[in-house]
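Peer 1: This structure is in structure tokens; I'll ask about it shortly.
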Amino acid sequence: MPAPLTRRVCGIAMLALAALGSHASADETLQAELIGVKRIWDEGRHNAFTDLIRWEDAWWCAFREGDTHAGSHGFLRVLTSTDGEAWEPVARLDHNEFDLRDANLSITPSGELMMVGGAQIDRDNRRLTGTFTAATTDGRTWTTPAMVIEPGRWMWGVTWREGTAYGVSYGTPDNAGRNELLTSTDGRSFNVFAPDFLTIGGRPTEARIRFADSGVAYCLQRCDGDDNHAYLGKADPPYRDWQWRRLDRFIGGPNLLQLPSGRWVAAGRQLLKAGARTVIAELNPADGHLENILVLPSGGDCSYPGLVWHEDRLWVSYYSSHEDHTSIYLAQVSIED
């Protein structure tokens, strides 16, 4: 069952920062404090790959339940909460043929809550992943997941701007190493907007796009293979021409967010000396510099954070296997700059 909220876990935050060995002074780097962390779901065998959003004055968290990290027939569960403390399961999205994975939540121009996710299937001893979308007007009753990108191309999520959804697809496993920027105005029909989106470095996979207040687009891109360092992309409107910068580390399940101050944070799985952890870092988009500011209570199979700034703090959904088994967590983080 969900664990109680841990209030003012200052000691954990201080130990985490000490373990990072940050070299920047307090005046230069964002200061993060872990206010509390709560296990909000642990009833499946393997609960993972989260996203988090505020919609209709409530919290919504979506994630996958399955028997294992991959290779089993999973479904997507949706929880809701009015206060971030008490969470209620309200929806389950399933498919009799596909393993549904990695839910991404967004709000459409018409005000619906939309989910994008992977749809995996075994064909000819290969595991192919396509992309589905579903939508809801109340959070509880969803449209049937509809395939919008055929198996073999996985669009990991979308971000809406001025009536257009932007998402990055990558080959799984055919055309591995190739990814494309896709767009849609209705969330159901996606077209290639920028082919050969990232063509340098390792094999590009998961990508998250965010738009700065200025209108500049940034993409935090995971890469696998021999060169598994993440990349940061930047583009001005109309977002067809991207410049890329190789970052100094691997980031799994990448996410990023601009704070009200204008500064940026990035989150995901990093490979620290102590092992895999879910980490929040300050990101300087001008030069791609990352400075870790907080290690969340996590370990092993973990990460895939959802990020929301609400009521002067950062709310983070993520999953981790550092306790009894792989579970879903919600952290509240105070950030001062």
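Peer 1: Of the residues Ala212, Ala135, which is in contact with an Asp or Glu (Cβ under 6 Å, 6 or more places away or on another chain), modelled with pLDDT of 95 or more and of a type in the set (A, V, I, L, M)? Spell out the reasoning first.
Peer 2: Numbers: Ala212 fails: in contact with an Asp or Glu (Cβ under 6 Å, 6 or more places away or on another chain).
From the options Ala212, Ala135, the qualifying one is Ala135.
Peer 1: Only residues in the range 206-228 that are under 16 Å from Trp154 (Cβ atoms) and in contact (Cβ under 8 Å) with a residue 12 or more places away in the chain count as the first member; pair them with residues that are among the polar types (S, T, N, Q) and assigned to a loop (DSSP other than H, G, I, E, B), Cβ under 9 angstrom, at least 6 apart or cross-chain, and list the lot.
Peer 2: What qualifies is Arg222/Asn228.
Peer 1: Filtering the range 262-285 down to residues that are touching a strand residue (DSSP E or B) at 6+ places or on another chain (Cβ under 9 Å) and in a loop (DSSP other than H, G, I, E, B), which residue is farthest from Gly117 (Cα to Cα)? Don't jump to the end; show me each part of the working.
Peer 2: Pass one, the range 262-285, residues touching a strand residue (DSSP E or B) at 6+ places or on another chain (Cβ under 9 Å): 263-272, 274, 276-285.
Adding the requirement that they be in a loop (DSSP other than H, G, I, E, B) leaves 263, 274, 285.
Working: Arg263: 29, Ala274: 31, Pro285: 27 Å.
Among them, the one singled out is Ala274.
Peer 1: What's the number of the condition Arg277 fails, among (1) at negative phi; (2) more than 15 Å from the chain's Cα centre (by Cα); (3) of a type in the set (D, E, K, R)?
Peer 2: So Arg277 meets the others, but not (2).
Peer 1: Hey, can you tell me all the residues within the range 54-82 that are surrounded by fewer than 20 Cβ atoms within 10 Å (Cβ to Cβ) and in a strand (DSSP E or B)? Working first, answer last.
Peer 2: Here is the first cut: in the range 54-82, the ones surrounded by fewer than 20 Cβ atoms within 10 Å (Cβ to Cβ) are 54-58, 67-73, 75, 80-82.
Answer for the range 54-82, where residues must be surrounded by fewer than 20 Cβ atoms within 10 Å (Cβ to Cβ) and in a strand (DSSP E or B): Arg54, Trp55, Ala58, Phe75, Thr80, Ser81.
Peer 1: Any residue in the range 262-273 that is buried (at least 23 other Cβ atoms within 10 Å of the Cβ) sitting within a Cβ distance under 6 Å of a residue that is small (Gly, Ala, Ser) and at pLDDT 95 or above? List the pairs, counting only those 6 or more apart or interchain.
Peer 2: Close Cβ pairs (under 6 Å, with a partner that is small (Gly, Ala, Ser) and at pLDDT 95 or above) amount to Ala266/Ala281; Gly268/Gly252; Gly268/Gly253; Gly268/Ser303; Arg269/Gly252; Arg269/Gly253; Arg269/Ala276; Arg269/Ser303.
Peer 1: The conditions are (1) under 23 Å from Asn179 (Cα atoms); (2) surrounded by 14 or more Cβ atoms within 10 Å (Cβ to Cβ); (3) charged (D, E, K, R), and Glu85 fails exactly one of them. Which is it?
Peer 2: So the condition that Glu85 fails would be (1).
Peer 1: Follow-up question, since we're still on this one. Consider the range 88-116. How many of its residues are assigned to a strand (DSSP E or B) and either out of contact with any His (no Cβ under 8 Å at 6 or more places or on another chain) or surrounded by fewer than 14 Cβ atoms within 10 Å (Cβ to Cβ) (or both)? Walk me through it before giving the result.
Peer 2: Residues of the range 88-116 that are assigned to a strand (DSSP E or B), as a first pass: 88-93, 99-107, 113-116.
Right, trim to either out of contact with any His (no Cβ under 8 Å at 6 or more places or on another chain) or surrounded by fewer than 14 Cβ atoms within 10 Å (Cβ to Cβ) (or both) and you get 88-93, 100-107, 113-116.
Counting residues in the range 88-116 that are assigned to a strand (DSSP E or B) and either out of contact with any His (no Cβ under 8 Å at 6 or more places or on another chain) or surrounded by fewer than 14 Cβ atoms within 10 Å (Cβ to Cβ) (or both) gives 18.
Peer 1: Between a residue in the range 307-326 that is over 18 Å from Leu294 (Cβ atoms) and touching a residue at least 12 places away in the same chain (Cβ under 8 Å) and any residue that is of a type in the set (A, V, I, L, M) and in a strand (DSSP E or B), which pairs come within a Cβ distance under 8 Å, given they are 6 or more apart or on different chains?
Peer 2: The qualifying pairs are Thr326/Ala48.
Peer 1: Applying the selection to the range 54-110, what residues are closer than 21 Å to Gly253 by Cβ, free of Cβ contacts under 8 Å to residues at least 40 places away in the same chain and of a type in the set (Ser, Thr, Tyr)?
Peer 2: Selection gives Thr68, Ser72.
Peer 1: Considering only the range 122-235, give the strands (runs of 3 or more DSSP E) lying wholly within it that have at least 2 residues that are of a type in the set (Gly, Ala, Ser).
Peer 2: Details: elements: 126-136, 146-149, 153-161, 164-171, 179-184, 191-194, 203-211, 217-224, 231-235.
Counting at least 2 such residues, we get 126-136, 164-171, 231-235.
The values are calculated or read from the model by the stated rules, or taken from the named source; none is laboratory data. As the structure is a prediction and not an experimental result, all values here were calculated from the model. No Cβ is skipped: glycine too gets one built from the backbone with ideal geometry, and neighbour counts run over all protein chains shown.
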